[in-house]
Amino acid sequence: MMADSGPKEVAVIGNTELTSAELDNNIKNTMVEIEKGTSLLRKMEISVAEAEKRTGKNTVNMQEIYTVYLIETRPVDALTEGITPDSLWRRYSEFELLRNYLLVTYPFVVVAPLPEKRAEIVWHKLSADNMDPDFVERRRVGLENFLHRVASHPVLCNDNIFYIFLTEDKDWKEMVYETGFQAKADSRLKAVNAAFRVKNPDGRFTELKHYSDELQTVLSQLLRVRARVADRLYGVYKVHGNYGRVFSEWSAIEKEMGDGLQSAGHHMDAYAASVDDILEEEEHYADQLKEYLFYTDALRAVCRKHELTQFELEMVALDLACKKQQKEELVTGTVRTFSLKGMTSKLFGQETAEQREAKLQVLEQQLKEGEEAVKEKNTESDEFVKTAWVDIERFKDQKDRDLKEALISYAVMQISMCKKGIQVWTNAKECFNKM
Amino acid sequence: MFNASMPTSPGSMVNQCKFEEDEESDSKDIFITVDNPESHVTAIETFITYRVLTKTTRSEFDNSEYEVRRRYQDFLWLKGKLEDTHSTLIVHPLPEKFVVKGMVERFNGDFIETRRKALHKFLNRVADHPILSCSEDFKVFLSAQAWELTTYKKQGPGFLSRMGETVRAVANSVRGVKNRPEEFTAIQEYVEDFSNKIGSLDKVTQRIVKEQKEYLEELKEYGPTYTLWSGSEEELAEQLKGVAGCIERCCKETEEQVGHLSDTLVPVLHEYVLCAETLKAVLRRRDNIQAEFEAKNEALATKKVDRDAESSDLGFVWGSLLGKNPEEARHQRQERLDGEIEELKEEIDKLEDRVEWANNALKGDWGRWQRSMRGDLKSAFLSTAEKNVDYYEKYFIFIHTQITVSL
């Protein structure tokens, strides 16, 4: 797709159709990178082993309680060199800093999301309190998952800041800031502006943006309804616990039915208690879906970066086209389009030959610079599209694999719930028979 | 004083035999169905009648088949008559006049069906009862045409005599029974406890139904989100639709299960809540009968004391005021008191029989009631447990198939 404005010869903008040769090439490159990087995870075992509460003073010098997480690393096996067992404590904000650094430094990568800062979509039993041990535990698992994602990413796993995050607890923050990544970050305003004004984004990115919006909407809805369903299921199971209590009391006044009632009551108690495990397992499934809900942000970030790059290219190309046009006008002396210059020359007469020559020279220089800029931006844009799309394909495969597995395990959870139900009610039936 | 070990009267002995005989009568000779509710609109009211169809080989019936239409009021009348005539027998409860919470509409389809089933059960329980099924009122209920029934209803103890009964009953219940036999106290304690437990079970079950229905509502929203999601996916579309299908199946099974609970367990528990009230009433009536007997005994004792006492000064003065000879006055007084004592003794004999009969009737019926209670509740809970196993099994098989097919 070409830019509309101005004459041809402007740089190629987006490339929506990769030839199959180019596709193959991309895949080969990715594979090479994987081997080159040799996913850090192959060499090093990473775990977020524990969580602890600490107290300290925050930035406004007030007492606060926060949680820290123990990151342990060790070599995968005895043969691995260069890795020594290590451990250090990090808090959530440090993970956030790491992630922001990665986002800025590798804008073409779909960077794995962090687990929730606050418990958002909960059902009633789970407390929305950040200090709640269940929440902290699930966050620990989420943070470990994040580290694994980064460590197994073909590009990210090679990052030094990441490596130091895992292995050095002193001065890590300073090192991150020293990279100057914050300066490289694109302002939100710039990105939004670009999103509105870009003329020819790569169609695939537009599609991807739509997809991530859709996925975000549907996953939010799904997670919300699931939480409500969990709530209701909890209610159903727990009320059966009342049967347990009443059967037990009733059995005390019955002679023939006493035994049957008593044991049936026990099974009702077991039934009511079983829902806790069932829902805990389901929470794990919900967390898997949540990760992909949060991934949509990362997808959109990549799309925005593309729009920005593309927009910048378009601006530079437009500028070049303008300059060329100006040169033409100057050379031929014709005024094609309305301009103030044209008006003034009509009013005040033409310029002198020297003036024209001077102007021409300036323009020539600008044209040369402009062409350089366009070439640069073009390369940048191409590079970006290429590398981003490789990572997006990687992400898509990962997503399909992970979610397929999650869905299957969800179905297996349902089966397990059925088996438990069959067992409890068959037992209860036996007891009722004895009544 | 009433003594539990008094010899039984011939009448009560016969009844006891009957109870033992009719344990498991497979020779059922009367079949009743209640069906076909119809709405009737008149100028003053709208009401529902039910068809009562009877097939019987019993000799006291002229025909072998009867078809009549009866309304709820008629059932109420029958129950009242049965309780009046056999005050210490346990009559199966009728469904309530109105259901306060849940269904307010008297003409709501579900309400009518639930009521029809309960009325059907009521008549069949009466038919199964060895004594109640012989009742003349029962026979008339089953066989008389509408206008015949109206006429028959008008007969029977008048308003005043019924008032008298009520007043007596109230008076006796205020007085209270003094020497209730241990076994009836035990029964009363049991009934108290049972009433509590069955009431709790009723509430718990209704709560379960409510929670299940709310669960179902959420499930109905849940499944479609997977279908919606599948629209955005390529590789995952099959699996997502598979999950949506599973959830849909879960909805279907849950709906069935809730229906079963509402049809099978809820009505039975509710019936026994009403039964508990019936039992309390029966025990009260038994107590009243004994109280009346005790009261008369006390009156007798007082009269005897009166007669055997020396004439009081007051009596002597009274007699002399009337110009009577003190000797004559005393003699007349003695004679009068003797007569009254004889009358009292006769009444007491009758009351004693009555107490005897009431106690035996209750004792016999009590065993019978316990057996049907156990049978009814056992079968209701069994059915519920079976249905729940069925629910999980069906859902299990469905998911299993889905996993192999699309997931």
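No value in this document is a laboratory result; all are computed from the given coordinates. It should be emphasised that the depicted structure is a prediction, and the values quoted were computed from it without experimental measurement. Counting neighbours? That spans all protein chains shown, and the Cβs are built from the backbone with ideal geometry, glycine included.
Counting only other chain Cβ atoms within 10 Å of each residue's Cβ, the peptide B:194-200 averages 4. Each peptide among B:271-281, A:373-383, B:35-45, A:81-91 gets the average number of other Cβ atoms lying within 10 Å of its residues, and from highest to lowest they stand as B:271-281, A:373-383, A:81-91, B:35-45.
Between B:Glu148 and B:Val305, how high is the FRET efficiency from 1/(1 + (r/R0)^6) when r is the Cβ-Cβ distance and R₀ = 51 Å? Nearest 0.05. Efficiency at R0 = 51 Å is approximately 0.40.
Ranked by the mean number of other Cβ atoms within 10 Å of their residues, highest first, the peptides A:296-305, A:196-205, A:355-364 fall in the order A:296-305, A:196-205, A:355-364. The mean number of partner chain beta-carbon atoms within 10 angstrom of a residue's beta-carbon across peptide B:210-221 is 5.
Using the count of nearby Cβ atoms within 10 Å as a rough guide to exposure, how do B:Phe47, B:Phe293 rank from fewest to most?
Starting with the residue having the fewest Cβ neighbours, the order is B:Phe47, B:Phe293.
Expressed as a fraction of 2.2 N^0.38 Å, the value expected for a compact globular protein of N residues, the C-alpha radius of gyration of the stretch A:216-279 is 1.59. Estimated from the Cβ-Cβ distance and a Förster radius of 60 angstrom, the FRET efficiency linking A:Tyr211 and A:Val76 is about 0.95. With the simple model of a label 7 Å out from the Cα in the direction of the Cβ, A:Glu372 to A:Glu174 spans 3.8 nm. Structure note, pairs A:Lys404/B:Lys387; B:Lys121/B:Lys363; A:Lys53/A:Lys238; A:Lys434/B:Lys117: Cα-Cα distances above 29 angstrom occur for A:Lys404/B:Lys387; A:Lys53/A:Lys238. Considering only A:His266, A:Ala286, A:Ala301, whose Cα is most displaced toward the positive end of the charge dipole of the stretch A:246-315, charges sitting on Cβ of Lys, Arg (+1) and Asp, Glu (-1)? Going by the Cα projections, it comes out as A:Ala301. Is any residue of the stretch A:377-399 close enough, with backbone N under 18 Å, to a label point placed 7 angstrom from the Cα of A:Lys184 along the Cα-Cβ axis, and if so, which? From the stretch A:377-399, the list is A:377, A:379-389, A:391. Working from the Cα coordinates of the stretch B:172-259, the gyration tensor eigenvalues give, after taking √(5λ), semi-axes of 57, 10, 7 Å in decreasing order.
Need the list of lysines near A:Lys57 for cross-linking: C-alpha distance under 25 angstrom, and skip anything on the same chain fewer than eight residues off. The qualifying lysines are A:Lys117, A:Lys170, A:Lys173. Per residue of peptide B:385-396, the mean number of Cβ atoms on other chains within 10 Å of the residue Cβ is 6.
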